[in-house]
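Visitor: Quick one: the structure is below, questions incoming.
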Amino acid sequence: MALNSQRCMDNRFDITHNLENVVYNELIYMGYRVWVYDNAGREIDFPAQCGNKKYFVQVAYSVAEDKAYTREFDAFRGIDNLSKKILITNDDINYSTSAVRHIRLRDFLLMHSLDDR
């Protein structure tokens with residue numbers, strides 16, 4: 001996280017990008033293969049795969065505002081229902097839907113895999 005903040009020339013601290021770095025590193029630590037995926041112009045932060053299980057992971061500081069909620073959930077549009085879709089935020093409210101599982105960042109950091117409950 002510190003290196004990401006250091007390379008911002010305008011002294012701007014981007015919490016969401018820093019959270020993405022934390023999630024990326026944790027996914028690698030958990031043994032997932034991680035890459036970036038363009039879903040018809042809607043970037044998925046991290047497709048993650050471990051064995052035959054594939055996940056699409058979005059990271060946001062919060063989706064409490066309508067604009068952020070729409071942006072993060074729209075990224076999953078068009079992805080088949082065989083792949084698990086996960087949203088990781090700092091929000092205490094559970095934003096899970098029938099198609100997307102919401103995980104609070106602090107809970108994610110205690111998990112050993114994306115299948116933990």
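The values are calculated or read from the model by the stated rules, or taken from the named source; none is laboratory data. Fair warning: this is a prediction, and the values are worked out from it, not measured in the lab. Note that each Cβ is placed from the backbone with ideal geometry, even for glycine, and that neighbours are counted across all protein chains shown.
Visitor: Of all residues in segment 73-97, how many are closer than 15 Å to F46 by Cα and either touching a Phe, Trp or Tyr at 6+ places or on another chain (Cβ under 9 Å) or of a type in the set (G, A, S) (or both)?
Guide: So the count comes out to 11.
Visitor: Just to be sure I understand the filter: pairs with C-beta atoms under 7 Å, separated by 6 or more residues or on different chains, first member in segment 39-59 and surrounded by fewer than 13 Cβ atoms within 10 Å (Cβ to Cβ) and of a type in the set (G, A, S), second member assigned to a loop (DSSP other than H, G, I, E, B) and at pLDDT below 95. Which pairs pass?
Guide: Between residues of segment 39-59 that are surrounded by fewer than 13 Cβ atoms within 10 Å (Cβ to Cβ) and of a type in the set (G, A, S) and residues that are assigned to a loop (DSSP other than H, G, I, E, B) and at pLDDT below 95, the close pairs are A40/G78.
Visitor: Now a separate question. Test D66 against the stated conditions and say whether it is exposed (fewer than 14 other Cβ atoms within 10 Å of the Cβ), more than 13 Å from the chain's Cα centre (by Cα) and at pLDDT 95 or above. Break it down stepwise before answering.
Guide: On the way: exposed (fewer than 14 other Cβ atoms within 10 Å of the Cβ): yes; more than 13 Å from the chain's Cα centre (by Cα): yes; at pLDDT 95 or above: yes.
Criteria met by D66.
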